[in-house]
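Report on one structure; see the data block that follows.
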Amino acid sequence: MTSNDAFASHVENQWCPGCPNFGIQTAVKRALNTLGLAPHQVCLVSGIGQAAKLPHYVRANVFNGLHGRALPTAIGIHVANPQLTTLVTSGDGDLYGEGGNHFLHALRRNPDITVVVHNNQLYALTKGQASPTTPRGAVTRLQVHGVEVDPARMLATAVIHDCTFVARGSALDLDGLTDILVRAIKHQGLSLVEVVQPCITWGSHPVSWYRDRLVPVPSDHDPADRDRALSLALESADVLHIGVLFQQPERPPFAASYRAKVGSGPLASLPRTGRDTIAAHYATWDPPRPKQ
Amino acid sequence: MIDRSVFIAGAAGEGVQTVGDVVARAFQVHGYAVFANKEFESRIRGGRSSYRLRIRETPLGAPCGTADVLLAINPDAAAYYQSDVREDGWIIAPETGDRVDVIVPFRDVAVEHGGKEIYANSAAAGALCATLGLPLEPLTAALRAAFARYNDEIVASNVAVAAAGHRHAGAQVASRGVRQIPARTARYALANTHEAIAIAAAAAGCRFMAAYPMSPSTDIITYLAAHEDLGVFTEQAEDEIAAVNMALGASAGGARAMTATSGGGFALMVESVSLAGMIETPIVIVIAQRPGPATGLPTRTAQEDLLFAIRAGHGEFPRIVFAASDPQDAICKTKRAFDLADRYQTVAILLTDQFLADSLFSVDSPMLPDGPSSQSAPPSSIPAMYARYALTETGISPRLYIGQTEHPVILDSDEHDETGHLTEDLRFMRPAMVEKRLEKGRRLKREMHPPQMNHCEDAEAALIGWGSTRGAIEEAVERLRATGHRVGSIHFGDLWPLPAFDFPENARYWTVEGNATGQLASLLTAEYRVPIEGRIGRYDGLPLDAETIVKEWS
């Protein structure tokens, strides 16, 4: 770690040695440093799982909450203080499985947060069961005859819901991932970055298998092209394109109309609702006055 | 002493509530204290519903199970609710029927005097007021206020139709000894408990509310959403789990935050109740109770979630549980809920129920609480390495919210060390953190108010209740004392931690609750070792009233 890493953490890391999660951790810190942010300006939010431990390994504000609930928590934090740079960094099981309903509605709300999905296509911390993104047919200790349902296509779901920034990154490509994260954080509104993160303990393929299949999005890809973005988002198995798949002009983020009235400061620092305002509400309980 | 009980009954969508509200306001204008509660089916149109209005000279927040006068908007309502009318009571209906005393064809009157059937409810309100002996003027004032947002023609038509209904009924009751009710100079405010909670939350510094619509809790967030001047950001969440986690996120970010739901929604929130305990982040949750299990009776009332509220959440952690008994009490408890949740950095639960949600109480004048008292002051001296969960003698750590200063704040649902990072140090840190959290609970106990005692000095028997039944129990006590029984009452509003309290000696105890199993009774037995002689419970979905309590106790 370079000495000018403002986000360096001294917390003991619990990941398996060599886990590609380390690559995501490095890319997140590099992106935050690149943007010139300080740790107190950043809030990392996660659920539960191996990926969800990431916030502990980056020096910043942390809300490591319940399994599946990172998105509503991050939305609450963002409403309370939009000046914070809020990132959700959690796994595919957490964000697409346990928290799938919140994912759908977060896309609709478009809060100004960045959502980093560590997609290892399985549940690592509970020892290798299928996740919503596990390919059909994969055999696990729980899916003993192979997974019998199709994987969730959440990147495509994001495109369909007009998420204004949808990217696929690779935990094996630090420079590329850092660049995507910088762009995602700068982009106003919900930015989704799904990161291919091979699991070296429970996964069925070696890291090299992934390296062979990850290719950059074609240089002529226009991220504004919804149809092309959708087909890239629907890719699975043989070739996975890495890069920004879909980008649209920024839309007003969640709570924009409220913020237009109260300004962008933390809710905690707004002036208190006045005593006169409160008294006026109680006064509506009084008997009606006779009409003059 | 005037004490009249009126039922206004009809189908959903027929305007039962509009008529009731207008007549309640008319008596308010006339200087009387009113109490109104509503019972209705879980549907938008049709079925049966009633608005129950009690008219007195002094306020009493208690329902009456029987009626002196029934205003039936339709013939079915007259037939169905006549068994609730006292033998010497009267029934007003649009057409003749069994026991109908006053016939006013509301729609015909509306067409004749207002030109449209839509004004029929004003004819009904006029007929009811005449039958009760209320002059036309206060009703006119109430109608003008109720229709103030409509054009002059609509107001004038409603007033004309009400006057005609008043004349119609007045002619029929004149010979039967109806005496005009004299005007009084009292000016009571007419208050609703959930409105009181919404306003008091804003007064307490609440800035964020997320909720999922669920009867009978929804009025709290809709009031805040409709009144932006109160300054509370509101969001309809996709489910109750999202609602409570959004509120916790907002709270972690420094905003006082709340959510509200009913028992089923609270069941979904329970994991996050435990989370609030673990991450020591304040939140206020209102549970507006309705009968369960499961979907139960969505629009009816119950007190079935006391033990659920007290026990909800896995693991061991402190929490605050209050139950409101009326709007004024709700104002106080809402403020205390926010302040104590803040000071002790945990969850505060405020219990209400459908009865409170859909009742109007006359109150002298709403007390204006002070502003937020204890918004955690920024810790004066934060060490270079801030520790969110610093171990202290009180168990309370100096709390910074996320983004408050340059110190990163680390919140973790895992067991954590003082800095907030996860730990598996079972030798020291885990027991220390358990003790820290529980110490807050021990200190919290000292903040709890003892129950209210009423006529306990000479009581041989005490009726013990909690929450919304206070008015009914106190009325039952008055009635029993009037017939020579030395009865008193003890009413709990602070339910967890239970306050230190010495039960009066030489009395025998009965609990009175809106449930079948005696949840308060089991709590008191466990916590105070107090012997409970008997348990009076109501669990049909209707609120407890004095008549029922007296009958059950005798």
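Things to note:
- The range B:230-246 - residue that is touching a Leu at 6+ places or on another chain (Cβ under 8 Å), facing chain A (nearest Cβ under 7 Å) and closer than 22 Å to residue A:273 by Cβ and, of those, surrounded by the most Cβ atoms within 10 Å (Cβ to Cβ): B:233
- Counted residues, the range B:336-372 - those being within 18 Å of the chain's Cα centre (by Cα), within 14 Å of chain A (Cβ to nearest Cβ) and modelled with pLDDT of 95 or more: 5
- Number of the condition not met by residue B:276 [criteria: (1) buried (at least 23 other Cβ atoms within 10 Å of the Cβ); (2) free of Cβ contacts under 8 Å to residues at least 60 places away in the same chain]: (2)
- Screening the candidates B:125, B:145, B:162, B:120 for the property of being more than 28 Å from residue B:299 (Cβ to Cβ), in the same structural domain as residue B:13 (by TED's automatic domain parsing), part of a helix (DSSP H, G or I) and touching a helix residue (DSSP H, G or I) at 6+ places or on another chain (Cβ under 7 Å) yields one hit, B:162.
- Any hit, the range B:129-137, residues being part of a helix (DSSP H, G or I), within 14 Å of chain A (Cβ to nearest Cβ) and either more than 28 Å from residue B:216 (Cα to Cα) or in contact with a strand residue (DSSP E or B) (Cβ under 6 Å, 6 or more places away or on another chain) (or both): yes
- Of the residues examined, residue B:102 is not one that is in contact with a Leu (Cβ under 8 Å, 6 or more places away or on another chain) and either at pLDDT 95 or above or of a type in the set (Lys, Arg) (or both).
- Boolean, residue B:419 is modelled with pLDDT under 95 and within 12 Å of chain A (Cβ to nearest Cβ): no
- Pairs linking a residue in the range B:511-536 that is under 21 Å from residue B:477 (Cα atoms) and touching a residue at least 24 places away in the same chain (Cβ under 8 Å) to a residue that is part of a loop (DSSP other than H, G, I, E, B) and among the basic types (Lys, Arg), with Cβ atoms under 7 Å and 6 or more positions apart or on different chains, are B:514/B:538.
- Test: residue in the range A:239-257 that is surrounded by 15 or more Cβ atoms within 10 Å (Cβ to Cβ) and within 8 Å of chain B (Cβ to nearest Cβ): yes
- Some residue of the range A:172-189 being of a type in the set (Val, Ile, Thr) and at pLDDT below 95: no
- Considering only residues in the range A:44-60 that are in a loop (DSSP other than H, G, I, E, B) and in contact with a Leu (Cβ under 9 Å, 6 or more places away or on another chain), the one that is surrounded by the most Cβ atoms within 10 Å (Cβ to Cβ) turns out to be A:47.
- Within the range A:28-43, at least one residue is facing chain B (nearest Cβ under 9 Å), crowded, with 23+ Cβ neighbours inside 10 Å and either at pLDDT 95 or above or touching a Phe, Trp or Tyr at 6+ places or on another chain (Cβ under 6 Å) (or both).
One line per residue, one yes/no per condition, for (1) crowded, with 22+ Cβ neighbours inside 10 Å; (2) closer than 13 Å to residue A:50 by Cα:
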{"position": "A:118", "(1), (2)": "yes, yes"}
{"position": "A:123", "(1), (2)": "yes, yes"}
{"position": "A:126", "(1), (2)": "no, yes"}
{"position": "A:129", "(1), (2)": "no, no"}
{"position": "A:136", "(1), (2)": "no, no"}
{"position": "A:139", "(1), (2)": "no, no"}
{"position": "A:143", "(1), (2)": "no, no"}
{"position": "A:146", "(1), (2)": "no, no"}
{"position": "A:156", "(1), (2)": "no, no"}
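- The single condition from (1) surrounded by fewer than 19 Cβ atoms within 10 Å (Cβ to Cβ); (2) closer than 26 Å to residue A:125 by Cα; (3) of a type outside the set (Gly, Ala, Ser); (4) touching a residue at least 12 places away in the same chain (Cβ under 8 Å) that residue A:215 fails is (2).
- Residues located in the range B:416-436, provided they are within 40 Å of the chain's Cα centre (by Cα) and not in a helix (DSSP H, G or I): B:416, B:418, B:420
- Residue match in the range B:195-210 (condition: more than 11 Å from chain A (Cβ to nearest Cβ) and part of a helix (DSSP H, G or I)): yes
- Matching option when the condition is on the phi > 0 side of the Ramachandran plot and facing another protein chain (nearest Cβ under 9 Å), among A:68, A:76: A:68
- Residue within the range B:34-50 that is surrounded by 16 or more Cβ atoms within 10 Å (Cβ to Cβ), of a type in the set (Phe, Trp, Tyr), outside the structural domain of residue B:291 (by TED's automatic domain parsing) and part of a helix (DSSP H, G or I) present: no
- Reported count of residues in the range A:79-102, each being facing another protein chain (nearest Cβ under 10 Å), part of a helix (DSSP H, G or I) and under 13 Å from the mean Cα position of the chain (by Cα), is 1.
- Restricting the range B:227-266 to residues that are part of a helix (DSSP H, G or I) and in contact (Cβ under 8 Å) with a residue 40 or more places away in the chain, the residue that is farthest from the chain's Cα centre (by Cα) is B:252.
- Residue A:55 falls short on exactly one of the conditions (1) closer than 30 Å to residue A:208 by Cα; (2) touching a residue at least 40 places away in the same chain (Cβ under 8 Å); (3) facing chain B (nearest Cβ under 9 Å), and that condition is (2).
- Evaluated against (1) hydrophobic (A, V, I, L, M, F, W, C); (2) surrounded by fewer than 19 Cβ atoms within 10 Å (Cβ to Cβ); (3) within 14 Å of chain A (Cβ to nearest Cβ); (4) in contact with a strand residue (DSSP E or B) (Cβ under 9 Å, 6 or more places away or on another chain), residue B:103 falls short on exactly one condition, (3).
- Some residue of the range B:61-70 being under 28 Å from residue B:144 (Cα atoms), in a strand (DSSP E or B) and among the acidic types (Asp, Glu): yes
- Members of the range B:390-406 found to be of a type outside the set (Ser, Thr, Tyr) and more than 10 Å from every other protein chain (Cβ to nearest Cβ), listed by number: B:390, B:391, B:393, B:395, B:396, B:398, B:399
- Highlighted here are the helices (runs of 4 or more DSSP H) found entirely within the range A:201-292 that include at least 3 residues which are of a type in the set (Gly, Ala, Ser): A:226-233, A:256-262, A:275-283.
- Options B:382, B:285: the member that is within 30 Å of residue B:414 (Cβ to Cβ), at pLDDT 95 or above and either surrounded by fewer than 20 Cβ atoms within 10 Å (Cβ to Cβ) or assigned by TED's automatic domain parsing to the domain that holds residue B:219 (or both): B:285
- Checklist (1) small (Gly, Ala, Ser); (2) in a strand (DSSP E or B); (3) buried (at least 19 other Cβ atoms within 10 Å of the Cβ) applied to residue B:20, failing item: (2)
- Scan of the range B:301-310 for residues that are assigned to a loop (DSSP other than H, G, I, E, B) and surrounded by 24 or more Cβ atoms within 10 Å (Cβ to Cβ), ordered by number: B:301, B:302, B:303, B:305
The values are calculated or read from the model by the stated rules, or taken from the named source; none is laboratory data. If you're wondering where the values come from, they're calculated on a predicted model, not measured in any experiment. Quick reminder, even Gly has a Cβ in these numbers, built from the backbone with ideal geometry, and neighbours come from all protein chains shown.
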